[in-house]
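First comes the structure, then the notes that go with it.
The values are calculated or read from the model by the stated rules, or taken from the named source; none is laboratory data. It should be emphasised that the depicted structure is a prediction, and the values quoted were computed from it without experimental measurement. Don't worry about glycine lacking a Cβ; one is built from the backbone with ideal geometry, like all the others, and counts go over all protein chains shown.
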Amino acid sequence: MERQSVRIDKWLWAARFFKTRRLATDMVSGGHVQLNGERIKASKAVATGDELRIQRGQEQFIVTVTGLAEKRGSAAVAQTLYQETEQSKADREAQQQMRKLNVTPAPDKRPDKKARRHIIRFIKREG
């Protein structure tokens, strides 16, 4: 019995990690996706049981492939194609909390003339 497999770019698109297949291809080519710890090309085949590390913006997912699909379906179907590790979920939640804590509130109003002069002097001293 031969092992079933699907191209990694098609699978990432079908599993809804990336909005378009082209974006999935670019991310794989850019090294943002690793298969079993190795950098791969977009044409590489993925099979059930493989481990993927997916870097999407500031988020990193570590998932195990549990199903294969070449066509994009609903979000409910896409979630059945992989199982995210508990460590990956915990790390993403911790990073999300850190980003929330580092948010700088926007000022209530625009700087007035005096404040602008202070800003300009500060920039000239630094530059």
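Quick notes on this structure:
- Residue count for the stretch 72-104, restricted to those that are β-branched (Val, Ile, Thr) and either loosely packed, with under 10 Cβ neighbours inside 10 Å or in contact with a Gly (Cβ under 6 Å, 6 or more places away or on another chain) (or both): 3
- Single unsatisfied condition, Pro107 versus (1) surrounded by 13 or more Cβ atoms within 10 Å (Cβ to Cβ); (2) assigned to a loop (DSSP other than H, G, I, E, B): (1)
- So Ala24, is it without any contact (Cβ under 8 Å) to a residue 60 or more places away in the chain, of a type in the set (A, V, I, L, M) and touching a strand residue (DSSP E or B) at 6+ places or on another chain (Cβ under 9 Å): yes
- Listing of strands (runs of 3 or more DSSP E) fully contained in the stretch 28-91 that carry 2 or more residues being acidic (Asp, Glu) and more than 17 Å from Arg16 (Cβ to Cβ): none
- Boolean, Lys100 is out of contact with any Cys (no Cβ under 6 Å at 6 or more places or on another chain), modelled with pLDDT under 90 and part of a helix (DSSP H, G or I): yes
- The set of residues from the stretch 35-71 being over 18 Å from Asp91 (Cα atoms), surrounded by 15 or more Cβ atoms within 10 Å (Cβ to Cβ) and within 17 Å of the chain's Cα centre (by Cα) comprises Leu35, Ile40, Ala42, Val65.
- Here is the figure for the stretch 1-21: residues that are touching a residue at least 24 places away in the same chain (Cβ under 8 Å) and assigned to a helix (DSSP H, G or I) total 7.
- Hey, Arg92 touching a residue at least 24 places away in the same chain (Cβ under 8 Å) and within 13 Å of the chain's Cα centre (by Cα) or not: yes
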